1. Under 19 Å from the Cα of Lys111, which aspartates and glutamates turn up, not counting those fewer than eight places away in the same chain?
2. Out of the total accessible area of segment 60-114 (probe 1.4 Å, heavy atoms of protein only), what percent is carbon and sulfur?
3. Taking the Cα centre of segment 1-125 as origin, work out the dipole magnitude from +1 charges on Lys and Arg Cβ and -1 charges on Asp and Glu Cβ, in debye rounded to 20.
4. Rg (Å, one decimal) plus Dmax (Å, integer) for the alpha carbons of segment 1-126?
5. Nearest 10 degrees is fine. How inclined is helix 76-89 to the longest principal axis of the chain, computing both from alpha carbons?
6. Ignoring the sites themselves, what is the longest stretch of the chain with no chymotrypsin sites (Phe, Trp or Tyr not before Pro) in a DSSP loop and at most 12 other beta-carbon atoms within 10 Å?
7. Less than 29 Å apart at the alpha-carbon level, and either on another chain or at least 8 residues along: which lysines does that give for Lys45?
8. Using a probe radius of 1.4 Å on heavy atoms only, what accessible surface per residue do you get for the chain? Whole Å² is fine.
Amino acid sequence: MNELNYLSPENGEFYELETGLIAYRDKETDYGRVAVLRMFPLEYKDEFLSVRTENYERRDKNNEIGIIRKLSAFNALQQEIVLRELEKRYFVPEITKVESIEEEFANSIWKVETTAGKAEFTVNDMGSNLLNLG
């Protein structure tokens, strides 16, 4: 069983790449581009954050570098870098108006207004992929 590796300001730092993506390095390794994912997004938005190498989606590797227990332990610049990354990853605009829904084969093409502006997206098999919250 692997031990948890908690990341802290004492053992590493986040930095921004020229592309605007974030990277992480500790005392021994520069991991380059990393992804930050919330482990418990509904309850602890700035706690229990998993930091993973760029190829974290590959199932054949354990790419977790470590866990941030509390982001508040890091200085303001480090917090800002991580929070910007989280805002991009968890960007979820709210639909404020449905302008139209057109059926094409088994797909529904939605044109909507959101809190982030106009958007268009496709839903395959609406009956199975939409949940009515009442």
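1. Answer for Lys111, where 19 Å is the Cα cut-off: Glu94, Glu99, Glu102, Glu103, Glu120, Asp125, listed by chain and number.
2. Taking all protein chains in place, segment 60-114 shows 51 percent carbon and sulfur surface.
3. It comes to approximately 280 debye.
4. 18.6, 56
5. Roughly 30 degrees between the two axes.
6. Numbers: sites that count: Tyr90, Phe91, Phe105.
In short, 1-89.
7. Candidates past the 8-residue exclusion: Lys27, Lys61, Lys70, Lys88, Lys97, Lys118.
8. Accessible surface, normalised per residue, equals 73 Å².
The values are calculated or read from the model by the stated rules, or taken from the named source; none is laboratory data. Treat the numbers as computed from the prediction; the structure is a model and nothing was measured. Cβ atoms come from the backbone with ideal geometry, glycine included; neighbour counts cover every protein chain shown. Calculation scope for accessible area: heavy atoms of the full protein, side chains included, ligands and nucleic acids excluded. Shrake-Rupley method; radii C 1.70, N 1.55, O 1.52, S 1.80 Å.
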